[in-house]
Amino acid sequence: MASHEFQPLQGMSDIHAPEIYLWRMIEERARTLFNSYGYEELRTPSLEKLSVFKRSIGDATDVVQKEMYAFKDRGDRELALRPEGTAGTIRHLAGLGEEGLNSRVFYIAPMFRCERPQAGRKRQFHPVGVEATGVPNPLADAECIALQQNLLEAWGLTGSTIKINSRGTKEDQKLIAENLRELLEPVRSDLCEDCQRRMDENVLRVIDCKNPTCKEIAATLPEMRSFMTQESQDYLNTVIETLSEMGVAVEYDRSLVRGLDYYVNTVWEITHGALGSQNSIAGGGRYEIALGKKGVPGVGFAMGIERVITSLEACGITAEQFAPKGGTWLVSLGADALIENMKLARELRNQGVRCGMELAAKSMKAQMRKANREGVERVIIRGDEEIAKGTVIVKDMAEGSQEEINLRDVIV
RNA sequence: GUGAUUGUAGCUCAGUUGGUUAGAGCGCCUGGUUGUGGUCCAGGAGGCCGCGGGUUCAAAUCCCGUCUUUCACCCCA
């Protein structure tokens, strides 16, 4: 492990057993649930034209400006590894014409961001996300959040909180920004350095600054929604009320903003206490993404599998619980038995039995030790005697008992 | 990008103020009489002490660089 010759790149990891079984559980249950909601799986390329991300995520966002793996290929084309899933998904859907403007798709795929790794942040990370396109409808937003709630339940994850807010329409956002700047200007020098910068670049972010002084100042500001049109306020209220009807608990959070440019109206976030500084396991929201001539309206979310796993582990859910166990181990005594067991293993495996055997000539003791470590339920022992008689010895590993039976009785 | 932090056997870690052949536990392998696991006992294999420079008679130990780990800021999943 010390030699970096065998290490993956910084912030990237090999996902192997037993952890992989937790990944598979998460992915399988997500696919099943998405299917029940009528979502189709979509796999877009990991590499896209840089412009796909610039236009949808926002040219000025940190994600685009300093976090993307962007480069020119041999043909001098500007490309980037996807830093998130929505842009590529919408690129695909927009290309479908009318049909794409009313679709439901999900993805489970690696994304890349060249940042300094830290708890809950890898350079290659794996969100599971959904996108539902269609004209803005608060019921669609509510259903999307309800789906997410179902997903958490399916995984067995408890102790998370769903926070919700609205950023209003694009027009509202302009008004909000203007008003906030005006209100903040007199106290500009009291804000932290970052927030003074944010005032010019992205005022909304001042609202969710962690700095105590900024927090105090933010608390004195009117809620964002007070600058929105009545229609926008009603939209948010309908989402919250619908969720309440459906029995999904959400928490209105006036300081929730989220960073990507494409968000309009509803935005939400799911946090979990086990996570540390990067405490959000999921983010979502309604968006309006301009690609080509038309804007694609939709709603969606992304949940980081790495962060979900950290949260699950805090709930006492481990990968070992999902590791395959049981099955049969074949012990061979002598060269003939080895070949005979190769044939028997094949038949058992064809029947779906998890079946293993040592392929090299090893002592019986070594073979039994291996069987024990594999955690199999039974061991089948064969030597020259048994082959001559057409029998096998079957040993129950938990009981320690064994009996000799006919070979043909092994294969049901 | 900024600021800390880590790096010694497969894994978790010891390694004293620089000083002989670098240790432990777990794991692994082989045995404990003919073909029987999990417990026990005995033995064994396995280390460019992250990498590259430097200081020194002497470096795992001190200095510099580099890569990596972990954590925080920024930002986000």
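Residues in the stretch A:117-159 that are free of Cβ contacts under 8 Å to residues at least 60 places away in the same chain and either farther than 21 Å from A:GLU251 by Cβ or in contact with a strand residue (DSSP E or B) (Cβ under 7 Å, 6 or more places away or on another chain) (or both): A:ASN137 only.
Please pick out the residue among A:LEU333, A:LEU312 that is farther than 29 Å from A:ILE15 by Cα and aliphatic (A, V, I, L, M).
On the way: A:LEU312 fails: farther than 29 Å from A:ILE15 by Cα.
Of A:LEU333, A:LEU312, the one residue that is farther than 29 Å from A:ILE15 by Cα and aliphatic (A, V, I, L, M) is A:LEU333.
Checked against (1) within 30 Å of A:MET303 (Cβ to Cβ); (2) not assigned by TED's automatic domain parsing to the domain that holds A:ILE270; (3) not aromatic (Phe, Trp, Tyr), A:MET199 meets all criteria but (1).
When A:ARG286, A:ARG254 are checked against the criterion of being more than 18 Å from A:VAL130 (Cα to Cα) and at pLDDT 90 or above, A:ARG254 stands alone in meeting it.
Listed here are the residues, each with its yes/no results for (1) outside the structural domain of A:LEU139 (by TED's automatic domain parsing); (2) closer than 28 Å to A:GLU201 by Cβ.
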position: A:LEU221; (1), (2): yes, yes
position: A:GLN233; (1), (2): no, yes
position: A:LEU236; (1), (2): no, yes
position: A:MET246; (1), (2): no, no
position: A:VAL257; (1), (2): no, yes
position: A:TYR262; (1), (2): no, yes
position: A:HIS272; (1), (2): no, no
position: A:LEU275; (1), (2): no, yes
position: A:ASN279; (1), (2): no, yes
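Going residue by residue through the stretch A:208-226, is there one that turns out to be crowded, with 17+ Cβ neighbours inside 10 Å, modelled with pLDDT of 90 or more, among the hydroxyl-bearing types (Ser, Thr, Tyr) and more than 14 Å from RNA strand B (Cβ to nearest atom)? There is no residue in the stretch A:208-226 that is crowded, with 17+ Cβ neighbours inside 10 Å, modelled with pLDDT of 90 or more, among the hydroxyl-bearing types (Ser, Thr, Tyr) and more than 14 Å from RNA strand B (Cβ to nearest atom).
Here's a check for you: in the stretch A:277-295, which residue that is aliphatic (A, V, I, L, M) and surrounded by 15 or more Cβ atoms within 10 Å (Cβ to Cβ) is farthest from A:HIS126 (Cα to Cα)? Among those that are aliphatic (A, V, I, L, M) and surrounded by 15 or more Cβ atoms within 10 Å (Cβ to Cβ), it is A:LEU291. For A:TYR107, the conditions (1) in contact (Cβ under 8 Å) with a residue 40 or more places away in the chain; (2) more than 16 Å from RNA strand B (Cβ to nearest atom); (3) not basic (Lys, Arg) all hold with the exception of (2).
The values are calculated or read from the model by the stated rules, or taken from the named source; none is laboratory data. Computed from a predicted model, the values in this text were never measured in an experiment. Ideal geometry is used to build each Cβ from the backbone, glycine not excepted, and the neighbour counts take in all protein chains shown.
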